[in-house]
1. With r defined as the distance between the Cβ atoms of B:S159 and B:I282 and R0 fixed at 41 Å, what FRET efficiency is calculated, to the nearest 0.05?
2. For segment A:175-299, with only Lys/Arg (+1) and Asp/Glu (-1) charged at the beta-carbon, what is the dipole magnitude about the Cα centre, in debye rounded to 20?
3. For segment B:64-301, how big is the tail of P(r) above 21 Å, as a whole percent of Cα pairs?
4. With both bridge residues required to lie in the protein assembly as shown, what share of the DSSP beta bridges run antiparallel, to the nearest 5%?
5. Kirkwood hydrodynamic radius (Cα pairs, Å) of segment A:43-86?
6. Would you mind working out the magnitude of the charge dipole of chain B relative to its Cα centre, with +1 at each Lys and Arg C-beta and -1 at each Asp and Glu C-beta, to the nearest 20 Debye?
7. Keeping the other protein chains in place, figure out the carbon and sulfur percent of the accessible area of chain B, with a 1.4 Å probe.
8. In segment A:82-105, which residues become less accessible by 40 Å² or more once every protein chain is in place, relative to the chain on its own, using a 1.4 Å probe?
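The values are calculated or read from the model by the stated rules, or taken from the named source; none is laboratory data. Everything numeric here is computed off the predicted structure, so don't read it as measured data. We place every Cβ from the backbone using ideal geometry, glycine too, and count neighbours over all the protein chains shown. Surface accessibility is based on the protein's heavy atoms, side chains included, excluding ligands, DNA and RNA. Shrake-Rupley method; radii C 1.70, N 1.55, O 1.52, S 1.80 Å.
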Number of protein chains: 2
Amino acid sequence: MQRENINTEQLLADKAEITAAYEELQGAGLNLDLTRGKPSSEQLDFSTELLSLPGDNFISPSGLDVRNYGVLNGLSELRSLWGNLLGIPADQVIAGDASSLNIMFDLISWSYTFGNNDSPMPWSVEEEVKWICPVPGYDRHHSITELFGCEMLTVPMTSTGPDMDAVRELAKDPAVKGMWTVPIFANPTGVTITREVAQQLAEMETGAPDFRIVWDNAYAVHTLTDEFPEVINVLELAEQAGNPNRFWFMSSTSKITLAGAGVAFFASSKANLDWYGKIANIRGIGPNKVNQLAHLQFFGDDEGVRAIMRKHAGSLAPKFTRVIEILRRRLSQYNVAEWTEPEGGYFISVDLLAGTASRVVELAKEAGVSLTAAGATFPLKQDPQDSNLRLAPSMPTIDQLEVAMNGFATCVLLAAIEKLESDAS
Amino acid sequence: MQRENINTEQLLADKAEITAAYEELQGAGLNLDLTRGKPSSEQLDFSTELLSLPGDNFISPSGLDVRNYGVLNGLSELRSLWGNLLGIPADQVIAGDASSLNIMFDLISWSYTFGNNDSPMPWSVEEEVKWICPVPGYDRHHSITELFGCEMLTVPMTSTGPDMDAVRELAKDPAVKGMWTVPIFANPTGVTITREVAQQLAEMETGAPDFRIVWDNAYAVHTLTDEFPEVINVLELAEQAGNPNRFWFMSSTSKITLAGAGVAFFASSKANLDWYGKIANIRGIGPNKVNQLAHLQFFGDDEGVRAIMRKHAGSLAPKFTRVIEILRRRLSQYNVAEWTEPEGGYFISVDLLAGTASRVVELAKEAGVSLTAAGATFPLKQDPQDSNLRLAPSMPTIDQLEVAMNGFATCVLLAAIEKLESDAS
C-alpha cells in the first residue's frame, strides 16, 4: 500500500472516533484467534464417519490385509482415487502418512544429504544453495529451507502466479536448486497459478540440473464457490518440455478429512519416486495403510472427495464473505489497505501501509485478538515493508469473526494514524 | 558351529536318507515363508476393536479435540500410559506416528546434517563416523547406518548382551558415534541385556561427546512365557552416571496392535527430546493423534497392554515350541547347528556349520521354503562365517511350520554333508 494513495485527511479527521473504538475494544476482554489455517469443529464433523473406519472391513478391494507391514507406496486403490482427483496416473502417485509437509522436509533433507536423482553432488557439499520463495508465502515452507541453510530469494506473487521474469532470471544461477509454490488458492494470497505460468515453469531453463519445484497443491479442491479449479498436470507438462523430474507435486487430505490424521500424497516422475522410495524404504516399512483404507471407504471415489469439499465451502464461504464485507465497510474509504478476495483456500492476505503491520499485530494482541505475526509470510519472518498480514477465518464462528475483524480494522486504522503522525513529526 | 564338534560319521552315514528327504521336499510344491517378523492374522485379530476407534468419542480425557492439528509431542494420556508401561516419567516419552524406525532414521539423519545436541559439529563434516553393531543384529538398523556411510564395527552378542570388553574398547574412539541395541528379546538372538550390562553401557567412557546408544526396545513386553521381563530405565541409569543424553530409547505398538498402523514412542532426556522436537517441529505439525486416542481407548491402561501381550504369547509360544522341537529332533544328534530358545521376541537365531548358511537358503528356496537371506543379520549383509540364519515363526500356521521346519532341517543336513565332502575332496 503506497502512502500517497491513502485518504490521510479523512483518517486524521476520524482519529477521535477510531481511538475511542480501540479503547472500547481493549475493555471488551476478547480472546479471539485468527492465526492458523485450521479447520473448525463444524468442518471436522463432516468426517466423523471416518473415525469408525475401517472397522472389521480391513481387507482392501484387491485383497490386501492392511493391518500388516509393507506396501511402501501405499494402498493402490487410494492412489488411483487420488490420481483421478488430480488427473495424474496412479503409478505417479504414492500415498503416505498424514503429512505432506513431512514428505517435503524429507525431499529437501535427502537432497541435502545424498543429492537427488539429478544432483552432481549432495547439496550439503555445494558451495551455496539458493531457493526461490514467492512472497508472501507459507511460513512452514520457509522454515524448512531456512533450517537447511538455503539462501532464500524472494519473488513477488502476481495475480497469475510468481513473477516469471524474476523467476526465470534467478533460475539461471546453478546455485538455485528449487522453488516453493502453492499452485492453487495459494497460502496466503489465494492466487491460482495459470496454465500459462505453469507451462513456463515446466519449460524454463535452470542452471542446476537437479532444480526442483515443490508444487504444494494443498488447496487443489478447496473451493469457496460452486466451481472446482482445474488441476494442471504439471508432471505431464514437464515431461513434454523435456524436464520430467522438475516437479515434486504434493497433496493431502489434511483439510479435507482430519487435520493431522489424514493421508498425504506425493506425485512425481517415476525417476523421482524411485529415488524417494529407495531412501524411504530404509527409513521405514511403509505408511499407515489402515488409515488409507479408511479414507478409501469414506470417499468411495473422487466425486466423494468433491462432495465433502462442497460441505467445507458451505461452512467457510460465509466466513470469508463476512471478513471481506467488514474490510470493505471499515477500510475502503480510507484506502489504507488492500486485501485479496480469494475463491478458495484458507487465507486472506492483507497489505497495509508500509511499516504498520507489526504495530497492528501488537495493538490487536493488546485487545485480545491474536493475529499471525507480521513477517510470517516472508523468509526469515522478515517482511522488508512490514506491510503484509495473513488472516485465517476458518476457526472462529461468524459472530466471533465479526468482532475480531472489526477489532482488526480498528487496529489497522489506528496504526496508520500513528504512522502518519510519526512520519509527519 | 565348529566343525570338529560335528558328528560327521553319522551325518555321512545318513546321507542317502537325507538326500531322499530333500528330493521328496522338492517334489512337494511348497510355498512357505519364514522370512519376516510379521504378526499373523490371528494376532492382528486381537486388535480388531481398534479399527472402529475412536468413533465419535474424539475428545481426549483432558478435553483435546484430537482431530485437529498440533500437539507435537503426542497425546499426554498415551504418553503417561506408555511411561507407566516402561517405567519412565511421561515427560520423557513422546508419542509419534506408527514407526519407531522412522524416528531412528531421523535421529541419525539429523545428527548427520545438523549434529545432535552434544555434537561439536555435524557428523557429515567429521572425517569418519563409526558405529557399533552387535551381531547378529537387526538388518534394518544396519541399513540406516550403511546409508549414512558409517563404518560399522561388529561386536559379538553374548548371553547377557553385547560383549562389553569389545564395546568399551571401541567406544574410546572419538569417531565412534553410537551403537545399535535391541535390549529385550533381541532381534534375532532373543537375548535380553542384563541390568549389569545396561549399567556398564550407561557408565562407560566414550571418545565422542555426542555418542548415542539406540535402545530399540521393540520387544519390551513381547514375552512368550507367563513372565514379563524387567524394563530397565536406562535413562535414569545414564543420568545417575553423568551421561544423561546417552540413550535414544525407542518403543512402538507395531507388534502389539497393528503392524505399521500403531503408535511409536521415543523416550529420552529432556535435552535430547528438545533437540529432536526443534527439528521435528519444522518437519511437521504433529503426529496422528486420532490413532493415539484410539490406542488409549483400546488399551485403557498399561495393564491393558499386558493383557494383549498375553494373547500374543498364547498364539506365538506354541509356534516357537514346535520350531525348537523340530530343530532338536532333526539336528541334535548330528551336532550340526546351535540355536537360541528365546523366551520372547519374534525370532530364533541359528548358527550353522561355517560356510553353509547361504547354501541352506538356496536349497530351501529350491524346495519352496523362503528363508531370510544368509548374512542379513550382519552389517552390509555379510556374515564373515556364512553361518547365521534367522527364523521368523510368527506368520505360518503350526502345520505349515511343521513342514517348513522339517524342510529346513533337511537342508541344513544336506548343506553340511556337501560342505564336509567338498572340504575332504
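1. Working: r = 44 Å, r/R0 = 1.06.
So the FRET efficiency works out to roughly 0.40.
2. Values: 9 positive and 11 negative charges, 127 e Å.
With only Lys, Arg, Asp and Glu charged at Cβ, the dipole is about 600 debye.
3. Values: 15257 of 28203 pairs.
It works out to 54 percent of all Cα pairs.
4. Values: 36 of 74 bridges.
Just about 50 percent of them are antiparallel.
5. Values: mean 1/r = 0.0816 Å⁻¹.
Taking the inverse mean of 1/r over all distinct Cα pairs, segment A:43-86 comes out at 12.3 Å.
6. Working: 32 positive and 55 negative charges, 162 e Å.
Its charge dipole is roughly 780 debye.
7. Numbers: 7230 of 15350 Å².
Carbon with sulfur: 47 percent of the solvent-accessible area.
8. Buried by the other chains: A:N102, A:F105.
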